[in-house]
Amino acid sequence: MPVAVETITTASPLRSSHLKKHRADIPDAKDAGSSISQLPKSALAAILLDAAFDEYEHEPFSSSSSSTYSDSSSASESRLLTKATILSLSHVNSVWRTLSLSLPSLWLHLLESELDHGSVIENGSGAGAAVAASMKPLWKRKQWFRELFRRSDPLPINIGSLHHQYNRRPSYLHHINATPVSRARDPELVGLELEYLDRIKTYRVFVDERGWETLSSCVVDQPAEELETLSIAFKPTVLASATASPQLPRNIFCGHAPRLEKISLRGCLPCPEILAVGLRENLKALTVSQVNAQGVAPTAERWLGYLSGMPRLEQLVLKDGAISTPRRQKRSKNSQVSSPVELSSLQELTLEGSIEAVGAVLQRLEFPDFVSLSIVCSDVEQEGPVVDAVLKTFASRVEVASKMGLGSFLSVKGNEGVICISDGTPSLKLELHLSPSNRSAPPQPGPYSGSTTPLWETILSSFLNLGSAAFTSLTQLELHLPSAPPSLMKVLSEASRLERLVNLTGVMAKRLLPQLQRELPPTSSTAPSPPSRCCSPGPESSLLPQSDSASNTLPHLLPILPNLHTLHFSAPEAFVGGGFVALKGYLKWRSLGSNAIRFVQVSTPPPPRGHTQLQFGAEGNGLLVPEESVDALQKLRVGLGYVV
């Protein structure tokens, strides 16, 4: 068959042009198929598989940043080419036909590709649109799918592996005129796939109400012998968007899924049976998120009961309504005397919910000190046991990271009752976010009678008291706070290794830098008198520290943050007004000793197209430091640099 010969020539590494260079008695092209067929079946099978997968292995689902439209849109074309190659190779002759039908992996690859294709609709022109238009309706392909299931038997099947991130743009569409649109899986296709549940190894699916109904009916009273990964994303139609999140059916998988290791549920809830004894012992990853069912989702106590039977759990993500807080829940002492729940294998923990719910989980949950930790709590109104549990858990992990040499950066932000603390690094994820129940309401005072301390400051002070040891190893610190409370200044006096203050604003500089113009307490009761600080009195002499005992200062005294050498500002606006006055005063004060600030950096937007460099100190659209500020820094011998 001409088509088969052509396909083999383009896809197979055995090309007649190459063989002619080594053998003069090479058969003609019309006899090539017969000659190859005389090879042992194992060799012929290897050739067939290599030829079938040759095009697929050239990164059909990825593209570099320099890829062109045609290169990026070739993913769907490669899928069709692979399909055509497999079908052509299986029709060369009776020998090849028999051999191809005896290779389940050949048809498994084609089956998984066919099932995964179509989870993303490609709108636009070019190859993507052409391929989408070429897809036949499901009722015309249903028999073909059944045949592929039969030919790939008994191999386990991975469904949804290529496009399981439904809310993200596939990489191969980044540089082409095609917009992916998430669509729910056809309920009929869901039913067809789950007929072979006993062979499914990975099942990732995005369904609406109709698909959910089909899925729920198909997973009941049917064991899942091979299932390792179950990922279900439920998103109702627009008309039903206000409905509560559904729950997986009872008696799912007949309570028998011995290999189940990963469960991810978005927009839906687990049933008690799937987290019961017999299904949870082997779980390594559990994610429940985007739940619209307050009061229906498991409570903290219920989750702890589930988690107590998951000794191998490595990743736990409960957020977006996954932990329910009963309306009439009272703070009881039972949680304090209940037995702890230990997750000794945990590597990543993400909890999001009300402070009562998250705090109740953390009060009893025990896990390794070194984990990636993200905690987001709402409805924080005052201090209490649950707040203490959250702060203690987070502070202890920050300290552990610092002792291991990984906690060199910390970001602290607070305002209007909100407090955010993170390590700012993707490798070690430590994040804490606390907020009140109503962002528009004024922050509540602290728990002490007559206290007017803002909530963010009260919480920050508690955290700093618990995690002060972590500041001794910091080399970089980001501060976005309405003020510099005494608790912050206390831990800064111990941050002897800090080298950079980053992302400062003019407001923060105005409030923080004057308070840093102090020296550390003396370490000895006796010492020679300090060296003379000769300085001509000037208009900024009032910025120098005023003290009756200044003449008795010890010679070896160091300023707060003695190793600080760089100040980084988030925008040029910090170099005007009161913020810059505070900056100049601080730079001048530091220059009087041996610990002067050497660099000042400022972040600016990327230059306009056609302008490859920023003019140092140029006037203009407010993107650069004013020239008078540049001159002031030069007089203080402080380098100024722009960070784009």
Requested in this report: Return the long-range amide H neighbours of residue 299 (sequence gap of 5 or more, or a different chain), with a cut-off of under 5 Å between placed amide H atoms.
Outcome: 324
Report summary line: Given pairs 284/490; 83/429; 201/392; 490/584; 201/235; 392/588 and cut-off 32 Å on Cα-Cα distance, the over-length ones are 284/490; 83/429; 201/392; 392/588
Report summary line: The set of residues whose placed amide H lies less than 5 Å from the amide H of residue 247, leaving out same-chain residues fewer than 5 positions away, is 269
Query - Per-residue ³J(HN,Hα) for the range 499-508, Karplus 6.51 cos²θ - 1.76 cosθ + 1.60, θ = phi - 60°, Hz, x for Gly and Pro - result: 10, 9, 9, 10, 6, 6, 10, x, 5, 5
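None of the figures in this text is laboratory data; all of them are computed from the coordinates on show. Keep in mind that this is a model prediction, so the values were computed, not measured.
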